[in-house]
1. Can you confirm whether V55 is closer than 19 Å to G101 by Cβ and modelled with pLDDT of 95 or more?
2. State yes or no: is T82 of a type in the set (S, T, N, Q), on the phi < 0 side of the Ramachandran plot, in contact with a His (Cβ under 8 Å, 6 or more places away or on another chain) and in the same structural domain as Y60 (by TED's automatic domain parsing)?
3. Identify, please: which residue in the range 103-120 is loosely packed, with under 12 Cβ neighbours inside 10 Å and of a type outside the set (V, I, T) and is, among those, modelled with the highest pLDDT?
4. If you take the residues of the range 22-50 that are loosely packed, with under 13 Cβ neighbours inside 10 Å and aliphatic (A, V, I, L, M), which of them is modelled with the highest pLDDT?
Amino acid sequence: MRKRLSLLTGIMVGIAVAAFGVARWLAPAHRITPVAYKEIRPGMTLSEVEAVLSVPPGDYPPGRVRNDSPWIEPIAGPPAGTPEVWRTETTVIAVFFDRGGHVSSRFSSSVLVPSWLDRVRHFLHL
């Protein structure tokens, strides 16, 4: 009975690890990084910004963003226009487009991802 339970547990863990690996392998490769952020220039179109970041706006991976620090490094003046946002576990990039569809402002932020110990403390309300 114990052998069977151990075998079943091993198979389920193996399937879970394989599923995680396949999901990571199929995730789109992006360049949502501070280096790529600096390549975004005023006047660029959405398609040009997508080419720089290698993906359309969205969460990569979705639902994993925790706590954003304040926006930094505006191109010029306050944000104006329609925002498009790219998020990863470590970086948020927001690009604002004017009525003509060109970059008017850009902002970048580091994302605070709590450690496992911080998550436990939060869970225990410590």
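1. Numbers: closer than 19 Å to G101 by Cβ: yes; modelled with pLDDT of 95 or more: no.
No.
2. Taking the combined requirement at face value, the residue does not satisfy it.
3. The first filter runs over the range 103-120 and keeps only residues loosely packed, with under 12 Cβ neighbours inside 10 Å, leaving 115-117, 120.
Those still in the list that are of a type outside the set (V, I, T) too: 115-117.
On the way: S115: 77, W116: 82, L117: 85.
Per the criteria, the residue is L117.
4. Residue satisfying both the conditions and the ranking: V35.
The values are calculated or read from the model by the stated rules, or taken from the named source; none is laboratory data. Being a predicted model, the structure only gives us computed values, none of them experimental. Note that each Cβ is placed from the backbone with ideal geometry, even for glycine, and that neighbours are counted across all protein chains shown.
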